[in-house]
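The values are calculated or read from the model by the stated rules, or taken from the named source; none is laboratory data. Note that the structure is a prediction, hence the values are computed from the model and not measured. Glycine also receives a Cβ, built like all others from the backbone with ideal geometry; neighbour counts cover every protein chain displayed.
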Amino acid sequence: MAPAPLDLPSIAALRPRSLLLTGARGEALGDGPGAVARVVEHLGAMQAQDIASARWSLGVRLPGAVGADIDAALERGEALRTWPMRGTIHLVPTRDAAWMTALMSARPRAAAAARRHQLGLTDADVARGAAALREALTGRRLTRSACLDALAEAGVPPDGQRGYHVIVDAAQAGVVCLVGQQGKEQVLARLDEAAPDPHLPGRAEALGTLATRYVRGHGPVTERDLARWTGLPLRDCRAGIAAAGDAVVAVDTVAGPMLVSPEALEGGVPELEDLALPGFDELVLGYADRSAQLDKAHERAVVPGGNGVFRSTFVLDGRVVGTWRRTIKARSVAVEAHDVVGMGARARRRCERSLAPFGAFVGLPVEVSWADAS
């Protein structure tokens, strides 16, 4: 007899295992040097437009790590940030940044090019800007402000959104990348200097690697989830799934056919932890269809206005039940918690306890107050 299709609670439970958000994650990754690199490679890429959220997305997957550990790993180059897909900043494995960006940036670059006329930029301006950035960054790293100054000196006025447009296009062209923060400013480097030993697979291998990592790090997923996450057409995603071979298996679910790694199915449905996740975490952001872990009626509370800004979430039993906002103070972290599903007192206490690892990560006690969702 064929096994029964996976129901939504099973999908909601298996996804945290794939995403390294269950108790087995430490055994899978180990700790110490290289752990951050292993997390990023396992997931394929991690949304990182907000560096504070990205740091905690790493920290929550590395129990016992503190913010300084994540910063040191990124400074060592275990991963870097760039714009490989969907026109947004992601953490990617350092050696894979070049091929990932080349594979997935064509569509966002083409979409952005349509805005150049509005910004008063020509293709020649953008090319001259990329050359100026390459020269300015040779042998050194510069803040975003210093890069904008280099553009101005090259005759490419960076005011308004022009400078940002040129920097992003240069990153998508494989010229520059983000390698750190100086205060609130991004720090940039030449990609070929930040990643001097790049892995450069052929297209078929690249598509297979991308599909393998996405399914392994997010499954169960659909082909459309993969297409949405990568920004690639379905035909490329299907080619990648085929190239992944035995690393990806199909499963029947109540939501239709899905894909998962064989390892994620081992041992049945895992025991889940209560989680306080940052905004933009892959558990919510990494899917076209999030209904297994987030009711559609509550999506607006997590992504207000549907503008791509994801709030931090509380996750109980694999499902999003609330959101939270934090304010770092001198001696504590003030958290304003929002109940989006109508929890009882016991569930709220579970949410409050789930913040303890975050407090340890930032080295401060957490003070929680509850407010109506907005």
query: Going by the structure shown, is Leu285 under 20 Å from the mean Cα position of the chain (by Cα) and in contact (Cβ under 8 Å) with a residue 60 or more places away in the chain?
result: yes
query: Quick one: how many residues across the stretch 317-334 are closer than 24 Å to Ser10 by Cβ, aliphatic (A, V, I, L, M) and either surrounded by fewer than 19 Cβ atoms within 10 Å (Cβ to Cβ) or in contact (Cβ under 8 Å) with a residue 60 or more places away in the chain (or both)?
result: 0
task: Name the strands (runs of 3 or more DSSP E) wholly inside the stretch 175-257 in which the number of residues that are without any contact (Cβ under 8 Å) to a residue 24 or more places away in the chain and farther than 16 Å from Met100 by Cβ is 1 or more.
output: 249-251
query: What is the residue count in the stretch 147-162 for residues that are in contact (Cβ under 8 Å) with a residue 40 or more places away in the chain and not polar (S, T, N, Q)?
result: 3
task: Determine, yes or no, whether Ala113 is farther than 26 Å from Asp197 by Cα, within 26 Å of the chain's Cα centre (by Cα) and of a type in the set (A, V, I, L, M, F, W, C).
output: yes
- prompt: Of the residues that sit in the stretch 276-316 and are farther than 17 Å from Pro220 by Cβ and of a type in the set (Asp, Glu), which one is modelled with the highest pLDDT?
  reply: Asp281
- line: Taking the stretch 111-127 and keeping residues under 30 Å from Glu282 (Cα atoms) and assigned to a helix (DSSP H, G or I) leaves Ala111, Ala112, Ala113
- line: Of Val36, Val66, the only residue that is without any contact (Cβ under 8 Å) to a residue 60 or more places away in the chain and among the β-branched types (Val, Ile, Thr) is Val36
task: With respect to Gly32, determine if the residue is within 26 Å of Pro262 (Cβ to Cβ), out of contact with any Pro (no Cβ under 7 Å at 6 or more places or on another chain) and small (Gly, Ala, Ser).
output: no
query: Among the listed residues Met100, Met85, which satisfies the condition of being touching a Ser or Thr at 6+ places or on another chain (Cβ under 7 Å), modelled with pLDDT of 95 or more and of a type in the set (A, V, I, L, M, F, W, C)?
result: Met85
message: Whether any residue in the stretch 230-241 is within 15 Å of Glu282 (Cα to Cα), modelled with pLDDT of 95 or more and not aromatic (Phe, Trp, Tyr) is what I want to check.
response: yes
task: Name the one entry in Arg55, Arg61, Arg15, Arg38 that is among the basic types (Lys, Arg), surrounded by fewer than 21 Cβ atoms within 10 Å (Cβ to Cβ) and modelled with pLDDT of 95 or more.
output: Arg38
- prompt: Are there any pairs with C-beta distances below 7 angstrom linking a residue in the stretch 335-350 that is without any contact (Cβ under 8 Å) to a residue 60 or more places away in the chain to a residue that is surrounded by 16 or more Cβ atoms within 10 Å (Cβ to Cβ) and in a loop (DSSP other than H, G, I, E, B), with the two at least 6 apart or on different chains, and if so which?
  reply: Val335/Leu355; His338/Ala373; Asp339/Ala373; Val340/Ala373
task: Scan the stretch 65-103 residue by residue and report those that are on the phi < 0 side of the Ramachandran plot and part of a loop (DSSP other than H, G, I, E, B).
output: Ala65, Val66, Arg76, Glu78
message: On the basis of being touching a helix residue (DSSP H, G or I) at 6+ places or on another chain (Cβ under 9 Å) and either crowded, with 22+ Cβ neighbours inside 10 Å or not in a helix (DSSP H, G or I) (or both), does Pro108 make the cut?
response: no
task: For residues that are in a helix (DSSP H, G or I), of a type in the set (D, E, K, R) and surrounded by fewer than 20 Cβ atoms within 10 Å (Cβ to Cβ), scanning just the stretch 128-165, find the one that is farthest from the chain's Cα centre (by Cα).
output: Glu153
message: Looking at Ala194, Ala227, Ala173, can you tell me which residue is modelled with pLDDT of 95 or more, closer than 28 Å to Asp50 by Cα and in contact with a strand residue (DSSP E or B) (Cβ under 8 Å, 6 or more places away or on another chain)?
response: Ala194
